[in-house]
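Encoded as structure tokens, the structure appears first; notes follow it.
Readers should treat all values here as calculations from the given coordinates under stated rules, not as data from a laboratory. Everything numeric here is computed off the predicted structure, so don't read it as measured data. Here the Cβ positions follow ideal geometry from the backbone for every residue, glycine too, while neighbour counts run over all protein chains shown.
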Amino acid sequence: MPSHRSILPQRNGDSALREKLTRWDVKSAPYLYIAPFFLIFVATGLFPIGYTAVISLMEWDMVRGTGEFVGFDQYWRVLSAPDFWIALRNTVSIFLLSTIPQLVAAIIIAAALDRNIRARTFWRMSVLVPYVMAPVAVALIFSNMFGDKFGLVNSLLTQLGMTSIPWHTDPFASHVAIATMVNFRWTGYNTLILLAAMQAIPREYYEAATVDGAGAIRQFLSITIPGLRGTLIFVVVTSTIGGLQVFDEPRMYDHTGTGGPDNQWLTIALYLYNVGWGEWDFGRAAAMAWILFALILLVGLINLIVTRGLVRDDAAAVAENPGRRVLRPRRTTHDNARPVEEANR
Amino acid sequence: MPSPSKNVRRARRFSRPSPWVYLFLGVVLLASVFPFYWSFLIGSGDSYTVRDPHMSWLPGGNFWTNVDKVVNDPSVNFWRALWNSIYSSTLIAVSVVFFSTLAGWAFSKLHFRGRGRLLVMVVATMAVPMQLGVVPLYIMFSELGWTGNIGAIIIPSLTSAFGVFWMTQYLRQAVPDELIEAARVDGASSFRSFLTVGVPAARPAAAMLGLFTFVSAWNNFFWPFIVLDRQDPTLPVALSLLQSGYFVDYSVVLTGVLLATAPLLLLFVFAGKQLVSGIMAGAVKG
């Protein structure tokens, strides 16, 4: 007997054939409904991933469309190329410079939007405007603003009496510029996700904390941040996946698009493109794709553990025992201060 | 007994915040829109504007000349790119919405063997980076003779794991099971009850998913850049061509940026509210 739970009512008058048809409909329909996703995924996702693994073990011949098996040679070639390590350094550097300031800014902006502001929808929409812009477009605007000689940023710096910064020759400066593009586009998006989570935090916590004499910053650190735990983990992990694949911005940062004359802003994804579609070396590009995937998994995992560790104690308290335990740390620290504050009012 | 001061403080959080909050949000707003104004500023000048140390903060008079240059640049194929972007993004959005609603309906409301495990598989596919499949995808499409064809960017995007997950989450709480049973009792086939019960209930989430998919399809660059012909690009690919070559006229490039972004900005003006509330609703809470 099939184990599916039938939601069909049994009716006496129906013919056997019709009942059979209906049963078949109920049994097979779900599979038909999910089939398109899995078919497309197998053809354009799963199969290519496996195929990438195969190609990465080969010296691929573009003309013949097949390869010669060379084992892990391509991986060793990738890992022994100095360019790869420069690209890895650049990727991690740009990733850190974009993710950390972006999330800090997103939390602060979300906290401002979480207040009882006027024209709330207007403000919410305004932070999302950069998100609708293509990364390529953002990159073109910002690489212009970060121009070495005539860029807006440098002319402002010189007007303020500072020296201009070589945005396109110094590696770190170029990372800052590229990270700025990423931050510009994604901060608003993350702000809204974090704002949604903030609004789910019960307002009574804040009321109780106010009664207990906790100030705005204290409330933010002890209620808001721990309350965001799950969402923070989600946002950190998704920005890891996206941040380590950064391609559009470094590609468009100058007119040659190869990652800088000394690979100053060559990222792994850009390097993969240069190897695959510049040198037409598909075996090495495929090996690099797997290395990039391993890197994403590794950094994603580290970030997951770090984020969980950083916002743990209070969050667990909020989740398990709302209302009571959450306020305890504050009570112990503020009990003595309270009468004083009360007296001051 | 609550003292009056307590009540005052209780109310404080729900009263209007100080002007500093508005000032802060105003700065954020400026930062969000300044790059657009900057593109217009450069885009309305000429090729020397960028190098002018005393550049005016008011737009120049060259905007339409530059528009003309972008639109008629033979190496960029602007109209072709615009059409390709509209066509592919619309098709992808419609297809993702339809198949995600269908799959989300099955995952949330129908009972079948392996449902839980299959849903976990769907979610797991979201972590796979595009780069992991591009080499074989490129080989596959060139074997088929489809490189340079807009179909090569549409087909891999026809469904989306995020979409399936999103619709599953939404439909799970949006449709009471009794409603489906009622449709069943009335003799509706499985697909008919999807159409009469599922589709109307899914509408708000579908609108959001459609917008979201449209925006990301429109802005997608990596794969189209690899697989499309330079003569038959989408807008981001066309934009990338504006900057190739040694003498880059930034007033033309940034005019191109504005032209490529304008359709999405228009869409955002009309549907941004929905997009915002969709993102707000879709966040992982708690």
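For the protein assembly as shown, the number of Lys pairs with C-alpha atoms closer than 28 Å, counting only pairs eight or more positions apart or on separate chains, is 5. The phi-based Karplus calculation (6.51 cos²θ - 1.76 cosθ + 1.60; θ = phi - 60°) puts the 3J(HN,Hα) values of segment A:245-255 at 9, 4, 9, 4, 5, x, 4, 9, 6, 9, 6 Hz, whole numbers, x for Gly and Pro.
Hey, with R₀ at 45 Å, roughly what FRET efficiency would A:F172 and A:F47 work out to, going by the Cβ-Cβ distance, to 0.05? For R0 = 45 Å, the calculated efficiency reads 0.65.
Each residue of segment A:31-47 was assigned a 3J(HN,Hα) from its phi angle through the Karplus expression (A = 6.51, B = -1.76, C = 1.60, θ = phi - 60°), giving 5, 5, 6, 8, 4, x, 4, 5, 4, 5, 5, 5, 6, 10, x, 5, 4 Hz with x at Gly and Pro. Simple spin-label estimate for A:T256 and B:S18 gives 5.2 nm between the two label positions (7 Å along the Cα-to-Cβ direction from each Cα). I need the calculated FRET efficiency for the pair B:L266 and B:Y48, taking r as the beta carbon distance and R₀ as 30 Å, to the nearest 0.05. With a Förster radius of 30 Å, E is 0.45.
Under 5 Å between amide hydrogens, built in the peptide plane, is the criterion, and for A:G67 it picks out A:D61 among residues at least 5 positions away or on other chains.
Peptide A:118-124 is shielded by partner chain Cβ atoms: per residue, an average of 4 of them sit within 10 Å of its Cβ.
Backbone amide hydrogens, once placed in the peptide plane, bring A:A214 within less than 5 Å of nothing, excluding anything fewer than 5 places away on its chain.
Neighbouring Cβ atoms from other chains, within 10 Å of the Cβ of residues in A:196-206, number 3 on average. Working ranking of peptides A:112-122, A:154-164, A:271-281 by packing, defined as the average number of other Cβ atoms within 10 Å per residue, highest first, is A:271-281, A:112-122, A:154-164. With the cut-off at 1.5 for a/c, could you classify chain B from its C-alpha gyration tensor as rounded, prolate or oblate? In terms of gyration-tensor shape, oblate. Annotation: extensible slack from A:A200 through A:L157 equals 11.2 nm (criterion: 0.36 nm per residue apart, minus Cα-Cα distance).
Check A:M58: other-chain or 5+ apart residues with amide H under 5 Å from its amide H, H built from backbone geometry? Result for A:M58 returns A:V70. Between A:D25 and B:Q274, how high is the FRET efficiency from 1/(1 + (r/R0)^6) when r is the Cβ-Cβ distance and R₀ = 41 Å? Nearest 0.05. Efficiency for this residue pair is about 0.75. Computed packing ranks the peptides B:213-220, A:202-209 as B:213-220, A:202-209, most packed first, by mean other Cβ atoms within 10 Å. Coupling constants for segment B:198-211 follow from the phi torsions by the Karplus curve (6.51 cos²θ - 1.76 cosθ + 1.60, θ = phi - 60°), and in residue order they are x, 4, x, 5, 7, 3, x, 5, 5, 4, 5, 4, x, 4 Hz; glycine and proline get x.
Under 15 Å from a point placed 7 Å out from the Cα of B:R230 along the Cα-to-Cβ direction: which residues of segment B:129-149 have their backbone N that close? Counting only backbone N, you get B:148.
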